[in-house]
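Read-outs: derived from the displayed coordinates by stated rules, not from any lab. This is a predicted model, so every value here is computed, not measured. As a convention, Cβ positions derive from the backbone with ideal geometry for all residues, glycine included, and neighbour counts pool all protein chains shown.
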Amino acid sequence: LIDEDVTAEDAAKFVFSNTMRYIPKFANLGRQSKISWNFLAFIFPCGWFLSRKMYKNGLIVGFLNVISSLLSIPLQKVILNLGVLETGSYLEMTQKVMANIGNISPAVIYIAFIGMWIGLAVSLFSALFGDYMYKCHTVNTVRQLKKTSEDFENDCRKKGGVSLFLFFIGAFAVRYITALIATLI
């Protein structure tokens, strides 16, 4: 059993893809711990949540990722104004930034670091608690479908499974929205 009234077979019908990973994790999550590691959720938090059809979580994570990226834009603009890209090698660029670090407002640097920490916190939270959140989503949806569905298996395929389209939308939209906003600023 995954939960009181949700069997591993029911959950597998909903998860549909990569059941060998998720069903054993679901069985252990909650009993021992709510923490596990999901590498894909770490690298692409918004894309992973959306691909597993946890829309609210995906939108929240995507919004936080956009905010964290936007906070680094002032520092990026200052660095570009230094003419760093014209120097060539990575070492030369780093040396030019370090030589001019005193001319960069501390507030700009602090804001960029806050953005970096927000992005890292979102990725770590998604990686550590994503599987548990997915288990809760699976259990709640399967429970609801058992009560209301006339065709349980078909409805599990519709509401569950993986959407690669949503994965790519979530993974790339965050980057392109940030880039679009940066060009408008």
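Pop the C-beta distance of Phe165 and Ile114 into the FRET formula with R0 = 35 Å and round what comes out to the nearest 0.05.
In this case the efficiency is close to 0.60.
Screening the chain for whole DSSP H helices with an alpha carbon extent of at least 27 angstrom along the helix axis and a mean Kyte-Doolittle hydropathy of at least -1.0 yields 106-148, 164-184.
Count the net charge of all other residues whose Cβ sits under 15 Å from the Cβ of Phe26, scoring Lys and Arg as +1 and Asp and Glu as -1. With Lys, Arg at +1 and Asp, Glu at -1, the net is +2. Counting Lys and Arg as +1 and Asp and Glu as -1, what is the net charge of the other residues whose Cβ lies under 13 Å from the Cβ of Ile35? Residues near Ile35 contribute +3 overall.
When the listed pairs Lys25/Lys146; Lys53/Lys147; Lys34/Lys147; Lys25/Lys158; Lys13/Lys158 are checked against a 18 Å cut-off, the alpha-carbon distance exceeds it for Lys25/Lys146; Lys53/Lys147; Lys34/Lys147; Lys25/Lys158. For the stretch 65-169, GluC sites (Glu not before Pro) meeting the loop criterion (DSSP other than H, G, I, E, B) and having at most 16 other Cβ atoms within 10 Å: Glu150.
Adding -39500 (n - 2.57) for every DSSP H run of four residues or longer, then dividing by how many residues the chain holds, sets the calculated 222 nm ellipticity at -24000 deg cm²/dmol. Under the simplified labelling scheme, the Lys147-Arg31 pair shows an inter-label distance of 2.6 nm, with each label point 7 Å from Cα along Cα→Cβ.
For Phe49, neighbours were defined as the other residues whose beta-carbon sits under 14 Å from its Cβ, and their charges (Lys and Arg +1, Asp and Glu -1) total +3. What separates the Cα centres of the stretch 47-74 and the stretch 90-115 is a distance of 26 Å. The simple Förster model, with R0 at 45 Å and r as the Cβ-Cβ distance, assigns Asn154 and Leu91 a FRET efficiency of 0.15.
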